[in-house]
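Written out below as structure tokens is the structure these notes cover.
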Amino acid sequence: MKNPDSTPAAGGPQITRRSVLRGALNTAGGLAAFAAAVSPLRDLDRDELTLERFLQKHYKEMTPDEKDRALQRIAAEVERRYAARPELRDLPAMDGVEFAYALNLGRCIGCRRCVHACVAENNQSRDPEVQYIRVLELPRGSVDVERADHYYDRPAVPDPDHFYMPVQCHQCANPPCVKVCPVEATWQEPDGVTVIDYDWCIGCRYCEAACPYFARRFNFAEPSVPREKLNTDMTYLSNRPRRKGVMEKCHFCLQRTRAGRMPACLEVCPVGARNFGNLLDPDSQVAQILKTKHVLVLKQEANTLPRFFYYFDEDFPRNRGSAPARGSEAHRKGLSLTVLNPQAAQSLPGRGRGGPA
Amino acid sequence: MKTYLTFLWRCFRMSFNGDWRYHTWMFVLTAIALLGLNAYCRQLVHGLVMTGMTDQVSWGMYIANFTFLVGMAAAAVMLVIPVYVYRNRDLHDLVIFGELLAVAAIIMCLLFVLVDLGRPDRFMHIFWRFNFPISMLSWDVIVLNGYLLLNLHICGYLIYCAYRRVPPSQYFYVPFVFIAIAWAISIHTVTAFLYVGLGGRPFWNTAIIAPRFLASAFAAGPALIILTLQIIRRFAGVHVADRSLLLLRNIVTVALTINMFLLVCELFTEFYTDSAHVASTVYLYFGLHGYAALVPWIWTAVALNTAALVILYLPLTRSLQSLNAACLLMIVGIWIEKGMGLIVPAFIPSPLGEIVEYSPTANETLICLGIWAFGLLLYTIMVRITVPVLSGQLTINADSGGSPARAPHLEEV
Ligand code: SF4
Ligand code: SF4
């Protein structure tokens with residue numbers, strides 16, 4: 001901008017030495033106040049502000065070369081922070097696979113081992129602690145989540161008057177969280193798992209508001225994982241360490257499951273309440289369960305078409321008599337946990353947008 | 001081009017000119033804005049833990065203020081419509097103050113969204129991968145920025161024409177005025193859809209939210225304009241006819257009545273049905289399982305709005321003072337209703353039935369105050385410039401407010 005002040009000062013009676021001095025003082029004062037206001041920025045983490053990072057593309061837009069470079073950069077960053085060389089890779093979805101989970105409510109004893117195995121496996125922040133799985137303790141005969149105790153703390157579980165319902169991301173086939181994301185930082189993979197590009201998320205938390213299962217977790221603070229606790233087996237879309245200000249959630253342990261292993265929560269479960277597998281393989285355990293058991297999905301009325309199913313196994317002793325009796329409160333209030341017809345359950349995931357045809 | 005730059009420069013100079021009251025006011029606003037900036041820098045360094053938000057209540061004060069201000073911005077049309085559609089002469093010269101208010105409000109809205117982002121450094125990701133038209137947030141980005149541009153254009157054009165002492169060409173702004181009218185409705189509707197579209201949040205998932213948004217905005221917005229116009233009349237010497245204020249009073253009365261009526265409809269549906277979906281509403285109005293942080297707020301809002309309505313309807317209170325009182329009451333009432341009353345309870349109880357309450361932290365509050373101060377600062381500057389330009393004091397060849405010494409320099413056009 002051309003500065004008309006460059007005309008000789010003599011031209012204006014206002015522009016005296018005094019007024020110039022006062023103007024300079026005011027400007028200096030203003031600048032000093034501004035500098036003081038932004039001074040906390042000195043502690044900003046420069047790691048996050050490199051040009052490379054700034055220019056990194058969306059996961060789906062990266063060429064193989066660019067992906068390699070991004071992986072190397074992230075690995076170097078992790079090594080700097082945790083002093084351990086991670087085995088960071090990008091595992092794509094396998095053809096003909098659609099993952100699903102089936103959880104036996106009759107068996108679950110509410111020990112929360114899955115919660116902690118998940119934290120250890122997926123490099124969640126320990127302080128503040130971020131957990132993907134919530135185990136709800138519900139009074140027998142009720143499936144009203146509003147009566148659930150999230151923070152039950154008993155000397156011994158299970159309590160005979162309660163049953164336990166672990167909730168994690170349901171990998172919906174019609175996921176509201178994906179729909180709302182303004183920058184497509186979260187999407188459904190061909191194997192049915194909804195993932196997040198932690199380098200693309202802008203942290204608006206719209207998806208968190210949209211999820212009907214309280215499955216998403218936001219990094220309000222910088223996550224902290226003790227160096228010796230870092231799980232170095234990691235992939236881009238799953239358990240690589242996150243930074244503050246981005247969303248994360250359960251991803252069915254993609255670093256394991258896409259390599260043919262079982263999720264950590266399943267492996268640790270002492271009573272075998274958890275079943276995981278490929279829906280498209282008719283012999284898989286989950287496909288069998290969907291075919292032979294009465295399975296339920298949580299909040300069916302939300303039409304999210306979860307790939308996470310609950311069922312009560314009639315054979316297990318702990319379960320005896322816990323099915324809601326006719327006329328009981330569960331029977332009346334059981335609207336959100338509706339028994340799904342097994343055939344309907346089978347045809348469900350195929351209707352999903354991301355599911356393989 | 002040069003004329004334009006000179007114009008901008010003189011506007012800049014103008015914004016520093018004023019009496020001691022003006023300087024004190026500006027100094028205080030700048031100080032608060034800087035405090036807010038300081039708080040925001042701290043939030044940038046430590047993350048959103050500096051706020052009271054949690055995974056359970058993942059939106060708070062920022063989004064609440066954002067929602068309220070979208071309404072304020074949209075309400076400028078309540079001045080525009082009488083003038084351009086019904087050819088009301090009284091309001092004609094005042095429209096611009098409403099439009100400037102819209103500009104300031106939208107800028108505040110955008111700032112509130114920016115401070116709510118966990119990763120503001122990545123906001124340009126919306127240019128590379130924009131989830132349009134699926135995500136309502138992407139719609140909101142478009143309509144808000146569009147509205148800002150429209151109003152900047154209209155105001156800027158009119159002011160610049162007045163400065164150059166040429167009559168504005170109808171073609172350059174009247175079509176935009178009409179687009180802006182429709183657009184104003186859209187910003188508020190889209191913002192309502194942001195919440196209404198979430199099936200997992202029964203409190204929001206109702207069609208009445210969008211109409212209620214508009215009704216409350218058209219009450220609180222013109223109410224703010226009524227107060228602002230009187231301040232401008234008092235301190236900037238602009239002629240504002242009492243008749244104009246009374247016309248706005250009618251608009252406010254109707255809008256507030258509709259708002260209260262819709263509230264009754266909403267409460268009836270929720271409480272009479274008494275389904276599982278009523279939990280958030282119960283929490284808001286009566287508390288749930290012993291948690292009742294929002295109860296005093298919402299009843300305050302109800303009381304304020306009712307009081308405002310009564311004042312507006314009583315024939316005894318046709319005076320300006322009582323109108324001002326009513327405006328003040330309803331602005332605060334609707335601010336609470338839109339903020340505390342609309343955003344926060346949707347998160348309580350959480351989708352898994354957990355009750356986690358929310359209260360803003362000091363840092364978060366400072367950021368909010370800072371943005372408000374910054375918005376007021378902007379608005380004051382804009383009015384400070386507009387008034388002398390429109391009244392012919394500051395024009396291309398006369399300059400009584402600034403320094404006459406530079407006048408010859410400007411005559412080369
Ligand atoms: S459970 Fe929630 S986070 Fe997971 S896919 Fe469904 S909506 Fe998304
Ligand atoms: S928080 Fe991240 S993933 Fe979620 S909607 Fe916003 S940008 Fe998308």
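The values are calculated or read from the model by the stated rules, or taken from the named source; none is laboratory data. From a predicted model like this one, the values you see are computed outputs, not experimental measurements. Using ideal geometry, Cβ is built from the backbone for each residue, glycine included, and neighbour counts are taken over all protein chains shown. Keep in mind that these areas ignore ligands, DNA and RNA; they rest on the heavy atoms of the full protein, side chains included. Shrake-Rupley method; radii C 1.70, N 1.55, O 1.52, S 1.80 Å.
Contact map, the stretch A:20-45: first residue under 15 Å from B:Arg42 (Cβ atoms), second residue open to solvent by 50 Å² or more (accessible area, probe 1.4 Å) and of a type outside the set (A, V, I, L, M), Cβ cut-off under 6 Å, separation 6 or more or different chains; pairs are A:Pro40/B:Arg42.
Of all residues in the stretch B:81-92, none are basic (Lys, Arg), in a loop (DSSP other than H, G, I, E, B), surrounded by fewer than 16 Cβ atoms within 10 Å (Cβ to Cβ) and touching a residue at least 40 places away in the same chain (Cβ under 8 Å). Filter the stretch A:170-186 down to residues that are within 13 Å of ligand 2 (Cβ to nearest atom), among the aliphatic types (A, V, I, L, M) and open to solvent by less than 10 Å² (accessible area, probe 1.4 Å) and give me whichever is farthest from the other protein chains (Cβ to nearest Cβ). So, considering only residues that are within 13 Å of ligand 2 (Cβ to nearest atom), among the aliphatic types (A, V, I, L, M) and open to solvent by less than 10 Å² (accessible area, probe 1.4 Å), the one farthest from the other protein chains (Cβ to nearest Cβ) is A:Ala185. With respect to the conditions (1) acidic (Asp, Glu); (2) away from ligand 1 (no atom under 16 Å from the Cβ); (3) in contact (Cβ under 8 Å) with a residue 12 or more places away in the chain; (4) out of contact with any helix residue (DSSP H, G or I) (no Cβ under 6 Å at 6 or more places or on another chain), A:Glu189 falls short on a single one, namely (2).
Considered as a group, the residues in the stretch A:119-147 that are farther than 18 Å from A:Asn104 by Cα and open to solvent by less than 20 Å² (accessible area, probe 1.4 Å) include one that is farthest from the other protein chains (Cβ to nearest Cβ), and that residue is A:Asn123.
Selection within the stretch B:130-150: residues that are more than 17 Å from B:Ala74 (Cα to Cα) and in a helix (DSSP H, G or I). The member of this set that is most open to solvent (accessible area, probe 1.4 Å) is B:Met136.
Candidates in the stretch B:104-121 are the residues that are of a type in the set (A, V, I, L, M, F, W, C) and over 18 Å from B:Val143 (Cβ atoms); of these, the one that is surrounded by the most Cβ atoms within 10 Å (Cβ to Cβ) is B:Val115. Count of the stretch A:192-203 residues, restricted to those that are under 17 Å from B:Gly60 (Cβ atoms) and either more than 12 Å from every other protein chain (Cβ to nearest Cβ) or within 15 Å of ligand 1 (Cβ to nearest atom) (or both), is 0. Based on this model, can you work out whether B:Ala182 counts as away from ligand 1 (no atom under 16 Å from the Cβ), closer than 30 Å to A:Arg205 by Cα and among the hydrophobic types (A, V, I, L, M, F, W, C)? Taking the combined requirement at face value, the residue satisfies it.
Residues in the stretch A:210-234 that are within 15 Å of ligand 1 (Cβ to nearest atom) and within 19 Å of B:Phe123 (Cα to Cα): A:Phe218 alone. Taken together, B:Leu48, B:Leu69, B:Leu101 contain a single residue that is open to solvent by 10 Å² or more (accessible area, probe 1.4 Å) and modelled with pLDDT of 90 or more, which is B:Leu101.
A:Arg243 meets each of the listed conditions (1) more than 8 Å from chain B (Cβ to nearest Cβ); (2) charged (D, E, K, R); (3) open to solvent by 10 Å² or more (accessible area, probe 1.4 Å); (4) more than 15 Å from ligand 2 (Cβ to nearest atom) apart from (4).
For every residue, the table says whether it meets (1) open to solvent by less than 10 Å² (accessible area, probe 1.4 Å); (2) within 8 Å of ligand 2 (Cβ to nearest atom).
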| position | (1), (2) |
| --- | --- |
| A:Tyr164 | yes, no |
| A:Gln168 | yes, no |
| A:Gln188 | no, no |
| A:Val193 | yes, no |
| A:Cys201 | no, yes |
| A:Cys204 | no, yes |
| A:Pro212 | yes, no |
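Against the conditions (1) within 12 Å of chain A (Cβ to nearest Cβ); (2) assigned to a helix (DSSP H, G or I); (3) crowded, with 16+ Cβ neighbours inside 10 Å, B:Phe127 satisfies every one except (3). Open to solvent by 50 Å² or more (accessible area, probe 1.4 Å), touching a helix residue (DSSP H, G or I) at 6+ places or on another chain (Cβ under 8 Å) and over 17 Å from A:Ala215 (Cα atoms): does that describe A:Arg73? In short, no.
Listed by position, the helices (runs of 4 or more DSSP H) inside the stretch A:1-110 whose residues that are of a type in the set (Asp, Glu) and at pLDDT 90 or above number at least 1 are A:64-82.
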